[in-house]
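For reference, the structure is listed below as structure tokens.
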Amino acid sequence: MFRKFSLVFSVSLVFLILNSFGQNSKTILNLMPYPEKIIVTEGKFRLDSNFTIGITGKPNARIYSYATGVLQRLDARTIILLKQGYLNASDSSKDASFLIHCDNPGKIELGMDESYSLVVTSDKIKLSSSTDIGALRGMETFLQLVASDAKGYYIPCVEITDKPRFAWRGLLIDVCRHFHTVDMLKRNIDGMAAVKMNVLHLHLSEDQGFRIESKTFPKLHLLGSNGLYYSQEQIKDIIAYAADRGIRVVPEFDMPGHSTSWFVGYPELASGKGPYKIETQFGVFVPTMDPTKKSTYKFLSSFIKEMAVLFPDEYFHIGGDENKGEEWDKNEDIQQFMKKNAIKNNDELQKYFNQNIMKILIRNNKKMMGWDEIFQPGLPKNVMIQSWRGLDNMVSSAKEGYQTILSNGYYIDLSQSASEHYLNDPLPDTVKLNEQQKKLILGGEATMWSELTTDETVDSRIWPRTAAIAERLWSSSSMKDVDNMFSRLDVVSLQLEELGLTHLKNREMMMRRLVGNDSIGVLKNFIDAVTPWKGYKRESKGIGYTTTTPLSRVVDIAVPDEPVARHFNLWVKMYLKSPNDSLKDLINGQLKTWKNNHDKMVVLISKVPSLKEIEKVSENLSALSATGLDCMKYIASKQKPEASWLAKQKTIVDDAKKLLAEVDIAIIPAIQQMLDSLK
Ligand code: ACM
């Protein structure tokens, strides 16, 4: 509770300060993704218990349960005790306070019409869309508009017309390196709908696990997993749940590499001799399907047929990444086959494999999709390429006439700041493509690879940063103001909690587990100032991860863009630009907390051995905060420090940058800026 309160407090404080600085003179509402067009007009629509929703037109039935959910979320937030408890097809009164009209039922497919208009006047709210899917998107905008003042809750009067910039706005969830439950998927589907995302990409097979029941080849899930997989009934349930929220589900079965788990039960599919065991380490491994045997395609033909029925989406992802073909090189029969068929190298052999898989997919009315590596000269044009290696690859694919989506720059497993993802545009102004080629760039996907996630921590790796990616893919390319994005993201982050997402609430539970009682304040003060190492450093320089390594350390509780540290950095930036007393007090107060925290941390660590790894980092944070406090004195007195003092502070900053406990101290940039201002 305390954390939530303090976050709300500091968020509103940031707004207040931004406003007082006149940086936010245009009215910016807390909407994310921001609508295409919005006019804020005079007045407020007041919410009370008589508020009702009415639905007219020809919507798909999913709209009634969605609208019922909207009523419940509204009532939970406002406690206005709505008289209308739920909606069904009889709720079509034009007198309803919130009137939704949809021309036609929407179909959950690529290119579905998600546009809507929302007009709020002081006595009526009207949401119109050509499909019910557009209405779902508009209802989320409505919920984000709910505001309050001394008189109660209201919706500001606005005229919004909105539609997505890109048709493919996805989130990949890797359920293989660590399994994620149906509950996790459902709450994240809700989160996706809240920020208008429309594709859940399930990465279902990997070296570390085969995560879906196959009735045709049961040894895939029974021997290829640790017992953690989705039954076909669960998959149907997830797909229906997603469809009810206007979200497609695209399955990925990675082949021919990343496929050890297939071979545990069916070693005859592999190019090596085996036997094979489920992989417990992370990285890129050599086991690869044998693309030269007819029996491989017979197997895959039956398997894909089974999965093609289960997953209704037109797109079917075959992975195709990171196969060097080491097992192919060592296999005499494969080498003979290549010679006989004039296949010159492993890339060509993989192309041969892809062409065979493509025939199977076409027979099953599916479009093939794969990672960059499937892009080979001569690849048929009706294939879609997901670019993970760079924007250049994506642009080349589009130039060659392939549909493509971007994931490079949206790897949310790498603990980068939301600002980096936000500024990563699938179609930047600088890209030289003609109009036809630009249309082939369909959007992008955030990728939640799960080497370092569990059900407990994964939401905090997805949210709130994925909302910034959702905005990049929905809203205008001209939305580039990072501070403004963060101020809205802070609000959205809190709203996402109402959907059951655990990105905020699990932190305190995880802190309590380490500390062993409910006094987590000292640990929390520390975690407020740190973020996990970025990139692949944790995998290469961390404690040595396998699929069973605990993910319950301080680094797993810490999050990218740690809000307290981020607000602190923002305060310092603003203070250095334009000093004032309220900012000075905030900065000094926070620095004193961090400086004094270390002594308490030493006492805590003497009782909690699992925290020993952060002792030196805590000491560095304290020293850095002392530097910050001294800087504030110099800045206030307009005195320049001695060169020797500056040299000593440089050592402190350098120490604070050392790689320890897999966390970085997130306030180093602010302290460095303070020091630079004194030179
Ligand atoms: C990938 O990250 N290997 C697609």
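Bear in mind these aren't lab numbers, they're just calculated from the coordinates by the rules spelled out. Because the structure is predicted, anything quoted here is derived from the model rather than measured. Because the Cβ atoms are built from the backbone with ideal geometry, glycine has one as well, and the counts that use them run over all protein chains shown.
Hey, could you grab the Kirkwood Rh for the range 381-520? Inverse mean 1/r over distinct alpha carbon pairs, Å, one decimal.
Result for the range 381-520, one decimal place: 16.7 Å.
If you take every DSSP beta bridge whose two residues both sit in the chain, what share of them, in percent to the nearest 5, is antiparallel?
If I count the DSSP bridges inside the chain, around 40 percent turn out antiparallel.
So what J values fall out for the range 661-667 if you push phi through Karplus, 6.51 cos²θ - 1.76 cosθ + 1.60 with θ = phi - 60°, rounded to Hz, Gly and Pro as x?
With the stated coefficients, the range 661-667 comes to 6, 6, 10, 9, 7, 7, 9 Hz.
In square nanometres, what is one fourth of the surface area of the convex hull spanned by the alpha carbons of the range 189-298?
7.8
If the viscosity is 0.890 mPa s and the temperature 25 °C, what translational diffusion coefficient in µm²/s does Stokes-Einstein give for the range 594-679 when Rh comes from Kirkwood over Cα pairs?
180
Is it possible to state the helix-based mean residue ellipticity at 222 nm for the chain, with each DSSP H run of 4+ residues giving -39500 (n - 2.57), the sum divided by total residues, to the nearest 500 deg cm²/dmol? What is it?
After summing the helix terms and dividing by residue count, I get -13500 deg cm²/dmol.
If you take all C-alpha pairs in the range 457-575, what percent of them are over 23 Å apart?
39
Viscosity 0.692 mPa s, temperature 37 °C: what is the translational diffusion coefficient of the range 200-243 from Stokes-Einstein with a Kirkwood Rh over Cα pairs, rounded to a whole number of µm²/s?
The diffusion coefficient I find is 303 µm²/s.
Jot down the radius of gyration and Dmax of the range 424-488, Cα atoms only, both in angstrom.
Rg then Dmax for the range 424-488, in Å: 14.8, 45.
Could you give the dipole magnitude of the range 580-643 about its Cα centre, charging the beta-carbon of Lys and Arg +1 and that of Asp and Glu -1, in debye to the nearest 20?
Dipole of the range 580-643, to the nearest 20 debye: 60 debye.
Rounded to the nearest 0.05, what FRET efficiency do Lys126 and Val182 have when you use their Cβ-Cβ distance and R0 = 35 Å?
Result of the calculation: an efficiency of 0.45.
Quick one: which residues, 5 or more positions from Asp664 or on another chain, have an amide H under 5 Å from its amide H? H modelled 1.01 Å from N in the peptide plane, none for Pro or chain starts.
HN-HN under 5 Å from Asp664: Thr531, Trp533.
Once Lys and Arg get +1 and Asp and Glu get -1 on their Cβ, which of Thr627, Leu473, Ser519 lies farthest toward the positive end of the dipole of the chain?
Toward the positive end, the furthest listed residue is Thr627.
Given a cut-off of 36 Å, what percent of all Cα-Cα pairs of the chain lie beyond it?
Roughly 46 percent, once rounded to a whole number.
Answer with one residue from Met368, Leu576, Gly378: the one whose Cα lies farthest towards the positive end of the charge dipole of the chain, charges on Cβ with Lys, Arg +1 and Asp, Glu -1.
Leu576
Please say if the range 495-637 is rounded, prolate or oblate, where rounded means a/c under 1.5 for a ≥ b ≥ c the square roots of the C-alpha gyration tensor eigenvalues, and otherwise the choice is prolate for a/b larger than b/c and oblate otherwise?
It is prolate, given that a/c is not under 1.5 and a/b is the larger ratio.
Which ordering of Trp371, Trp463 is given by a fewest-first count of other beta-carbon atoms within 10 Å?
Ordered by Cβ neighbours within 10 Å, fewest first: Trp371, Trp463.
How fast does the range 277-355 diffuse by Stokes-Einstein, in µm²/s, taking the Kirkwood radius from C-alpha pairs at 37 °C and 0.692 mPa s?
Here the translational diffusion coefficient equals 228 µm²/s.
Which order do peptides 142-148, 653-659 fall in by mean Cβ count within 10 Å, highest first?
Packing order, densest peptide first, comes out as 142-148, 653-659.
Can you work out the base-10 log of I(q)/I(0) for the range 86-241 at q = 0.11, 0.16, 0.18, 0.21 1/Å, using the Debye formula on its C-alpha atoms alone?
Here the Debye-derived log intensity ratios amount to -0.59, -0.95, -1.08, -1.30.
Just flag the trypsin sites (Lys or Arg not before Pro) in the range 391-444 sitting in loop per DSSP whose Cβ has no more than 16 other Cβ atoms within 10 Å.
In loop regions of the range 391-444 (DSSP not H, G, I, E or B), the sparsely surrounded trypsin sites (Lys or Arg not before Pro) are Lys432, Lys439.
Treating the beta-carbon of each Lys and Arg as +1 and of each Asp and Glu as -1, no other charges, what is the dipole magnitude of the range 67-168 about its Cα centre, to the nearest 20 debye?
200
Set the bar at 19 Å for Cα to Cα. Now go through Lys273/Lys293; Lys577/Lys633; Lys534/Lys595; Lys44/Lys124 and name every pair that lies beyond it.
Check vs 19 Å cut-off fails for Lys534/Lys595.
Loop only per DSSP, at most 16 neighbouring Cβ atoms within 10 Å: give me the trypsin sites (Lys or Arg not before Pro) in the range 173-260, ordered by residue number.
Passing both the DSSP loop test and the Cβ count: Lys215.
I'd like to know which of Trp533, Asn506, Val491 lies farthest towards the positive end of the charge dipole of the range 488-536, counting +1 on Cβ of Lys and Arg and -1 on Cβ of Asp and Glu.
Trp533
Cα atoms only: what Rg and Dmax, in Å, come out for the range 132-197?
Every Cα atom of the range 132-197 included, Rg and Dmax give 16.1, 51 Å.
Out of residues 5 or more away from Gly43 or on other chains, whose amide H comes under 5 Å of its own, with H placed 1.01 Å from N in the peptide plane?
Result for Gly43 returns Cys157.
When the chain is fully extended, how far beyond the present Cα-Cα distance does Asp149 get from Gln436, taking 0.36 nm per residue of separation?
98.4 nm
Sorted from largest down, what three extents in whole angstroms do the Cα atoms of the range 162-237 have along their principal axes?
Principal-axis extents of the range 162-237 (Cα, largest first): 48, 22, 21 Å.
Could you size up the charge dipole of the chain around its Cα centre, putting +1 on the beta carbon of Lys and Arg and -1 on that of Asp and Glu, and report it in debye to the nearest 20?
Dipole of the chain, to the nearest 20 debye: 500 debye.
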